[in-house]
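These notes are about the structure you will find just below.
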Amino acid sequence: MIKEEQLNPTRRRRKRSTREKLHEQRGGGIRTDAVRGGMPGGKFRPLSESDMRRIHTTALDVLEQIGIGDPTPSIVEVAIPKGALLSERGRLCFPRSLMEDLIDGSCKEFTHYAANPANDVEIGGDRVHFRTCGEAVNIFDYETREARPSRLVDLYDTARLADRLPNVHAFCQTVVATEHSEDAFVHDINALYAQIAGTQKPLAMSTATPEHIDHFISLLDLYLGREGAFLERPFFNFGGCPIVSPLRFGADNAEVLVKCARLGIPYDIAVASQAGATAPAALAGSLVQTFAETLATLGVMNLISPGTPFLMGTWPFISDLRTGSFTGGSGEQALVSSAIAQLSNFYGLPSSVSACMSDSKLPDAQAGYEKGITATLTAMAGCNLIGETAGMLGSLMACSFEAMVIDDDMIGNVMRAVRGIEVTDETLSFDVIRDTVEGSGHFLDHPQTLKMMQTEYLYPQLADRGTYDEWKSTGKRDAHEIAHERVKKILAEHYPVYIDPAADARIRERFPIVLAPEDMKPGNGRW
């Protein structure tokens with residue numbers, strides 16, 4: 001290690017000057033190209049190839065011999081003529097050869113469009129991205145340290161906050177507008193509106209009402225300024241939970257799947273069994289069942305519209321078997337989510353898993369280690385789109401603005417681990433080592449160091465790397481406090497105008513938009 005006294009004052013001043021030149025006001029950090037969305041994962045492999053084949057084979061046995069209960073008439077009418085069977089118990093069964101053909105013919109890669117094409121995300125292979133979601137019913141309040149019911153304006157605020165978080169690559173509905181929960185149409189149309197108003201990253205939300213899809217498309221056409229424009233480039237994914245575990249179709253959500261398939265737009269599912277409750281307690285058995293359930297929905301999508309983009313949202317959740325309650329931050333959750341990513345990649349299917357969750361009720365050390373292990377392992381396993389990414393607390397019951405900022409900082413480090421270590425003639429650094437040994441004796445001012453400062457290293461926006469004395473002099477703040485300051489700054493300043501005023505007027509004239517214009521302008525009093 002180079003001691004400070006070994007460096008003369010001139011060198012110290014030159015070092016600071018270089019940093020000043022490289023320093024940009026991007027959250028107070030140094031500009032870096034060390035990470036980006038879509039970097040390849042797949043280095044973590046919790047399952048052997050034999051394990052994966054056995055899970056896959058058993059999942060096909062489940063679909064062929066047990067089948068999926070409660071198929072809707074619209075599913076039956078398309079599936080039976082194309083080779084599916086109804087068992088004596090009325091369960092829809094998929095013969096092995098049929099399911100193998102459907103997997104082979106399914107979409108393997110697609111573009112998750114954004115309203116701003118610069119934010120498009122390429123889904124497939126082992127490319128890794130993170131996005132929000134969760135539809136929590138509470139917001140964690142920093143001042144009171146209590147959870148309160150979430151509102152529509154909270155959804156808008158989380159969208160515009162995520163709009164400024166560089167490591168959150170896509171946005172899916174974070175919270176429920178509880179004040180409108182009794183009117184499904186008002187809730188859904190406003191949830192969609194709040195998201196397009198807050199961010200131009202790729203978007204998604206769930207709905208249990210297939211009739212709402214046509215209204216969504218009409219609103220989005222108004223937003224884009226031309227009828228038919230949305231279907232040409234669908235930047236908003238719709239989805240839901242078409243399976244009720246164990247192994248039954250959920251009528252309303254399944255019809256949303258059918259609707260999206262007929263329109264040829266991406267369907268974004270979540271098949272969320274819970275090991276020990278609605279799936280086997282054995283982790284391998286949980287994987288078998290949840291993978292089979294997801295393959296069934298993939299099969300229906302491709303029976304209706306072969307090759308339509310489909311996101312394999314296989315989300316096997318974990319129970320704390322002492323109580324039966326859901327636990328999102330466990331090591332078991334990290335394992336099964338990573339295994340699903342590996343299975344999906346093995347068969348070339350676009351993958352989505354749930355990670356970065358915590359059972360903690362506030363952004364504390366427990367939240368940090370639970371989110372860290374699940375996010376890291378699923379990313380290293382190569383999941384295409386990791387959900388529940390930023391802000392979720394209390395076993396998905398609450399969202400925290402501050403946790404969104406903390407998680408974004410963490411995800412940057414996770415993505416740096418995903419990137420790995422590049423070994424090239426240049427990075428092996430033989431000539432650099434020789435030049436330095438024969439010259440100054442340290443690497444601080446070597447041109448390679450200055451280059452690598454911007455390309456090899458990631459600098460946190462939030463984490464404190466200063467000295468103990470510096471920490472004391474700035475008020476002994478912890479990460480939660482620093483995150484709160486950043487939240488206040490972003491939400492006080494960032495009120496994007498993503499909806500053209502004329503289009504907004506047409507939207508408000510046609511649809512019951514209740515997000516007030518004054519809530520979408522600086523000085524609204526909240527921040």
Selection count where residues are in a helix (DSSP H, G or I) and buried (at least 23 other Cβ atoms within 10 Å of the Cβ), scope region 198-214: 1
Pair list, Cβ < 6 Å and 6+ apart or interchain, from region 224-243 residues that are closer than 18 Å to residue 498 by Cα to residues that are of a type in the set (A, V, I, L, M, F, W, C) and part of a loop (DSSP other than H, G, I, E, B): 234/265; 235/114; 235/115
Output for region 395-441, where each listed residue is out of contact with any strand residue (DSSP E or B) (no Cβ under 7 Å at 6 or more places or on another chain), surrounded by 20 or more Cβ atoms within 10 Å (Cβ to Cβ) and not charged (D, E, K, R): 401, 404, 405, 406, 410, 412, 414, 415, 418
Selection within region 285-315 - of a type in the set (Gly, Ala, Ser) and either out of contact with any Asp or Glu (no Cβ under 8 Å at 6 or more places or on another chain) or under 16 Å from residue 95 (Cα atoms) (or both): 285, 286, 292, 296, 299, 305, 307
Residues of region 316-341 classified as surrounded by fewer than 24 Cβ atoms within 10 Å (Cβ to Cβ) and either of a type in the set (Phe, Trp, Tyr) or touching a Lys or Arg at 6+ places or on another chain (Cβ under 8 Å) (or both), total: 1
Tally, over region 235-279, of residues that are β-branched (Val, Ile, Thr) and farther than 20 Å from residue 71 by Cβ: 1
Failed condition for residue 254, given (1) surrounded by 24 or more Cβ atoms within 10 Å (Cβ to Cβ); (2) not in a helix (DSSP H, G or I): (2)
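Yes or no, residue by residue, for (1) among the hydrophobic types (A, V, I, L, M, F, W, C); (2) crowded, with 16+ Cβ neighbours inside 10 Å; (3) under 25 Å from the mean Cα position of the chain (by Cα); (4) closer than 18 Å to residue 294 by Cα:
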residue: 33; (1), (2), (3), (4): no, no, yes, no
residue: 36; (1), (2), (3), (4): no, no, yes, no
residue: 46; (1), (2), (3), (4): no, yes, yes, no
residue: 87; (1), (2), (3), (4): no, no, no, no
Top-ranked residue in region 155-190 [being in contact with a Cys (Cβ under 9 Å, 6 or more places away or on another chain) and part of a loop (DSSP other than H, G, I, E, B); ranked as surrounded by the most Cβ atoms within 10 Å (Cβ to Cβ)]: 174
Single match in 350, 363 (criterion: over 18 Å from residue 391 (Cβ atoms) and surrounded by 19 or more Cβ atoms within 10 Å (Cβ to Cβ)): 350
Residues located in region 285-297, provided they are more than 15 Å from residue 64 (Cα to Cα) and in contact with a Leu (Cβ under 9 Å, 6 or more places away or on another chain): 287
Test: residue 120 is at pLDDT 95 or above and either of a type in the set (A, V, I, L, M) or farther than 17 Å from residue 257 by Cβ (or both): yes
Test: residue 334 is part of a helix (DSSP H, G or I), of a type in the set (A, V, I, L, M), in the same structural domain as residue 147 (by TED's automatic domain parsing) and within 21 Å of residue 43 (Cβ to Cβ): yes
Selection status of residue 152, crowded, with 21+ Cβ neighbours inside 10 Å, under 15 Å from residue 491 (Cβ atoms) and at pLDDT 95 or above: no
Residues satisfying the stated conditions in region 298-315, i.e. in a loop (DSSP other than H, G, I, E, B) and either out of contact with any Gly (no Cβ under 6 Å at 6 or more places or on another chain) or surrounded by 24 or more Cβ atoms within 10 Å (Cβ to Cβ) (or both): 307, 309, 315
Any hit, region 439-448, residues being of a type in the set (Gly, Ala, Ser), in contact with a helix residue (DSSP H, G or I) (Cβ under 9 Å, 6 or more places away or on another chain), modelled with pLDDT under 95 and over 26 Å from residue 362 (Cβ atoms): yes
Any hit, region 129-146, residues being assigned by TED's automatic domain parsing to the domain that holds residue 384, under 28 Å from residue 511 (Cβ atoms), out of contact with any Phe, Trp or Tyr (no Cβ under 8 Å at 6 or more places or on another chain) and not in a loop (DSSP other than H, G, I, E, B): yes
Residue 243, sole failed condition from (1) aliphatic (A, V, I, L, M); (2) crowded, with 24+ Cβ neighbours inside 10 Å; (3) in contact with a Cys (Cβ under 8 Å, 6 or more places away or on another chain): (3)
Residues (part of a helix (DSSP H, G or I) and under 20 Å from residue 117 (Cβ atoms)) located in region 220-251: 220, 221, 222, 223, 224, 229, 230, 231, 232
Residue list for region 279-325, restricted to those being more than 22 Å from residue 359 (Cα to Cα) and of a type in the set (Phe, Trp, Tyr): 291, 310
Residue among 361, 371 that is in the same structural domain as residue 318 (by TED's automatic domain parsing) and not in a loop (DSSP other than H, G, I, E, B): 371
Test: residue 84 is outside the structural domain of residue 351 (by TED's automatic domain parsing), in contact (Cβ under 8 Å) with a residue 60 or more places away in the chain and either aromatic (Phe, Trp, Tyr) or in contact with a Phe, Trp or Tyr (Cβ under 7 Å, 6 or more places away or on another chain) (or both): yes
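The values are calculated or read from the model by the stated rules, or taken from the named source; none is laboratory data. Keep in mind it's a predicted model, so treat the numbers as computed, not measured. Neighbour counts are summed over all protein chains in view; Cβ atoms, including those assigned to glycine, are modelled from backbone coordinates with ideal geometry.
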